[in-house]
Amino acid sequence: MGGAAAVVAEERLRFSTVVIDAGHGGKDGGSVWNGLVEKKLCLDVAKRVEMALKSNGLKTVMTRRTDTFVELERRARIANRVPSSVFVSIHFNGSRKTIISGGEVYHRSPRGKWLATAISRSIKSRVAGGTRGIFYSNYKVLRETEMPAVLVECGYLSNKREALRCADPAHRQKLADAIVGGLLAARRKE
């Protein structure tokens, strides 16, 4: 392998497990807009991601499987106990500027940026509404996890058109498939 192909292969991440963090839960509902509650959508997409990853031969660990509240520090501790892993926190966004729409992927480290770029590209090519891009952030779950980590905002529930899409299970499956597609694109096989 020479040139650009060698560089791309070197940039890929080695992992056999994906820690999937369904944002919010329990007493923390997250964003509530247009009749949708973020915590429910996060868990739904997280379970869809888990199923798709398992069908692609990857191991998964979920930070929550039900509508329960899990402290941010605990989410990071769960992730940090898993060897050869990456961390994906799944969320939906909201803004008083209801015109804003599109997914966003946040990272804090260079390897997290590589993962964020792969997921953002996958969302852009597979999901209606696309993506607003990747962004650096100091979110606690990104700061306290030791592996490559990203936080995916799947769309703005505050935007009526996007909320309608997010309410549709078929759209949430496309989001999950796009996240998985990005993870697989970023992965270098063990």
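Go through the residues of the range 65-79 one by one and say whether even a single one is of a type in the set (A, V, I, L, M), at pLDDT 95 or above, in contact with a Phe, Trp or Tyr (Cβ under 6 Å, 6 or more places away or on another chain) and closer than 17 Å to residue 186 by Cα. No, the range 65-79 contains no residue that is of a type in the set (A, V, I, L, M), at pLDDT 95 or above, in contact with a Phe, Trp or Tyr (Cβ under 6 Å, 6 or more places away or on another chain) and closer than 17 Å to residue 186 by Cα.
For the range 134-190, a residue qualifies if it is hydrophobic (A, V, I, L, M, F, W, C), over 18 Å from residue 40 (Cα atoms) and touching a Phe, Trp or Tyr at 6+ places or on another chain (Cβ under 9 Å), and the qualifying residues are 134, 135, 141, 142, 147, 149, 150, 183, 186. Scanning the range 39-67 for residues that are surrounded by fewer than 14 Cβ atoms within 10 Å (Cβ to Cβ), assigned to a loop (DSSP other than H, G, I, E, B) and touching a strand residue (DSSP E or B) at 6+ places or on another chain (Cβ under 9 Å) yields 65, 66. Please determine, by comparing only the residues of the range 23-38 that are assigned to a loop (DSSP other than H, G, I, E, B) and among the small types (Gly, Ala, Ser), which one is surrounded by the most Cβ atoms within 10 Å (Cβ to Cβ). The extreme case among them is 23. Taking the range 140-187 as the range and being crowded, with 24+ Cβ neighbours inside 10 Å, among the charged types (D, E, K, R) and within 13 Å of residue 19 (Cβ to Cβ) as the test, no residue passes.
The values are calculated or read from the model by the stated rules, or taken from the named source; none is laboratory data. Since this is a predicted model, take the numbers as computed values, not measurements. Note: ideal-geometry Cβ built from the backbone for every residue, glycine included; neighbour counts use all protein chains shown.
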